[in-house]
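A short write-up of the structure that comes next.
The values are calculated or read from the model by the stated rules, or taken from the named source; none is laboratory data. Just so it is clear, the structure is predicted and the values come from calculations on it, not from any experiment. Neighbour counts run over all protein chains shown; Cβ positions are idealised from the backbone, glycine included.
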Amino acid sequence: MVRTMNMRMSRESDTYDKEDPPMSVGSTYRSMEEFKLALAQHAVKNEFEYMISQSEPSRFGAYCRRKEQETCNWRIHASTSDDLCRVIIGDYFNPCAHACYSTRRKKTVGNASKHWIAAKVKDWLVENPNLGAKDLRTKLKKHYKVKIHYKRVYIGMELARKQIFGDWDASFNNLYRFKDEIKKSSPGSQVIIDHHTIGSKIRFRRMFFTLKPWPIGYVAVDGHNWMYPVAFGVFDSETNENWVWFMQKLREAIGSPSGLAICMACRSSLS
């Protein structure tokens, strides 16, 4: 049953508790995606599972997973508002009153989707990008008392990384577009992209970049009387091999002028 109601804008979606989102009739969310994430969190927190009865850009419906087996009448329905700016919960039957099997925690939780996982692990990855799927699986179990398949955690982790850092393949391809634009706008500049192949895929290794005017005027200062960069190097780690590669490319760019002195502040572990 769908109820017609006035929007209660006092419940803005950016002010609710993300760990305990409101699911009462009239609660509003900024988008259907946000509502689905909130519903997944609601199910995880209250230890039940639901099945989707309707999933469209403007409408979403769900019911208790044990509806047929144990005659559980829990259900929820949400739809976009007339101005398409909010998603409103318009039908919510028997809130949080499951008395069926779905309230008893199973070994794994089905409603912990990849999108829910991505939303929950994003802050952890921002704080420590080196966390792997195994680490995140442990943290999810500790914080939310849920056991999730490793593969799903991995997929959610990759989705979160893409949201944080962007798509790796697209970013790598953009380097070559950047190189082409530099060549067009500043002829004589150097953009060297070094890569290696893993399996059948090309992977970024390191990059050297200098604009044509920089090496010409590297002994000068800019308009603020500050020294300006001659070249940039980007690589995965500060190793002897990478430093040798960078210095070779720098020599190709500026040559070996008389009186050249280079002051380095690299890691003490380099020999």
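Conditions first: (1) modelled with pLDDT under 90; (2) in a helix (DSSP H, G or I); (3) surrounded by 14 or more Cβ atoms within 10 Å (Cβ to Cβ). Residue 171 passes all but one, so which condition is the exception?
All conditions are met except number (3).
How do the pairs read when you match residues in the range 66-85 that are touching a residue at least 12 places away in the same chain (Cβ under 8 Å) and acidic (Asp, Glu) with residues anywhere that are surrounded by fewer than 20 Cβ atoms within 10 Å (Cβ to Cβ) and not in a helix (DSSP H, G or I), using Cβ under 8 Å and keeping only pairs 6 or more apart or on different chains?
Every condition considered, the pairs that remain are 70/99; 70/100.
Name the pairs: first residue in the range 115-137 and of a type in the set (D, E, K, R), second residue in a helix (DSSP H, G or I) and surrounded by fewer than 17 Cβ atoms within 10 Å (Cβ to Cβ), Cβ to Cβ under 9 Å, at least 6 apart or on different chains?
Qualifying pairs under 9 Å: 120/139; 120/143; 122/163; 122/164; 134/150; 137/150.
May I ask you to list the residues in the range 188-237 that are touching a Gly at 6+ places or on another chain (Cβ under 9 Å), modelled with pLDDT of 90 or more and either of a type in the set (A, V, I, L, M) or loosely packed, with under 14 Cβ neighbours inside 10 Å (or both)?
Across the range 188-237, the qualifying residue is only 207.
Looking only at the range 113-161, filter to residues that are part of a loop (DSSP other than H, G, I, E, B) and small (Gly, Ala, Ser); which one of those is nearest to residue 34 (Cα to Cα)? Don't jump to the end; show me each part of the working.
From the range 113-161, those part of a loop (DSSP other than H, G, I, E, B) are 113, 128-132, 145-149; that's our starting set.
Within this subset, residues satisfying the condition of being small (Gly, Ala, Ser) are 113, 132.
Details: 113: 13, 132: 25 Å.
Step by step, filter the range 113-161, then rank; the result is 113.
Show the residue pairs that are 6+ apart or on different chains and have beta-carbon atoms under 8 Å apart, the first residue being within the range 176-205 and more than 16 Å from residue 246 (Cβ to Cβ) and outside the structural domain of residue 236 (by TED's automatic domain parsing), the second being loosely packed, with under 14 Cβ neighbours inside 10 Å and modelled with pLDDT of 90 or more.
none
Going by the structure shown, is residue 18 modelled with pLDDT of 85 or more, surrounded by 20 or more Cβ atoms within 10 Å (Cβ to Cβ) and closer than 19 Å to residue 117 by Cα? Let's see the steps before the verdict.
Numbers: modelled with pLDDT of 85 or more: yes; surrounded by 20 or more Cβ atoms within 10 Å (Cβ to Cβ): no; closer than 19 Å to residue 117 by Cα: yes.
No: the conditions fail for residue 18.
Check residue 111 against each of (1) in contact with a strand residue (DSSP E or B) (Cβ under 7 Å, 6 or more places away or on another chain); (2) more than 30 Å from residue 74 (Cβ to Cβ); (3) surrounded by 17 or more Cβ atoms within 10 Å (Cβ to Cβ) and name the one condition it does not meet.
So the condition that residue 111 fails would be (2).
Which numbered condition trips up residue 182, out of (1) touching a strand residue (DSSP E or B) at 6+ places or on another chain (Cβ under 6 Å); (2) buried (at least 17 other Cβ atoms within 10 Å of the Cβ); (3) not in a helix (DSSP H, G or I)?
Result: residue 182 fails condition (3) only.
For the range 38-76, which positions are in contact with a His (Cβ under 7 Å, 6 or more places away or on another chain) and surrounded by fewer than 20 Cβ atoms within 10 Å (Cβ to Cβ)?
Result: 61, single match.
Any residue at all in the range 91-105 that is modelled with pLDDT of 90 or more, outside any helix (DSSP H, G or I) and surrounded by 14 or more Cβ atoms within 10 Å (Cβ to Cβ)?
Taking the range 91-105 first, the residues modelled with pLDDT of 90 or more are none.
Taking every residue of the range 91-105 in turn, none turns out to be modelled with pLDDT of 90 or more, outside any helix (DSSP H, G or I) and surrounded by 14 or more Cβ atoms within 10 Å (Cβ to Cβ).
Would you pick out the residues in the range 43-65 that are hydroxyl-bearing (Ser, Thr, Tyr) and in contact (Cβ under 8 Å) with a residue 24 or more places away in the chain? Before you say what the answer is, go through the steps one by one.
Narrowing the range 43-65 to residues hydroxyl-bearing (Ser, Thr, Tyr): 50, 53, 55, 58, 63.
The answer is 50, 58.
Sort through 59, 65, 75 and tell me the only one that's under 21 Å from residue 152 (Cα atoms) and either modelled with pLDDT of 80 or more or of a type in the set (A, V, I, L, M, F, W, C) (or both). Outline the logic, then answer.
Working: 59 fails: under 21 Å from residue 152 (Cα atoms); 75 fails: under 21 Å from residue 152 (Cα atoms).
Being under 21 Å from residue 152 (Cα atoms) and either modelled with pLDDT of 80 or more or of a type in the set (A, V, I, L, M, F, W, C) (or both) holds for just one of 59, 65, 75, which is 65.
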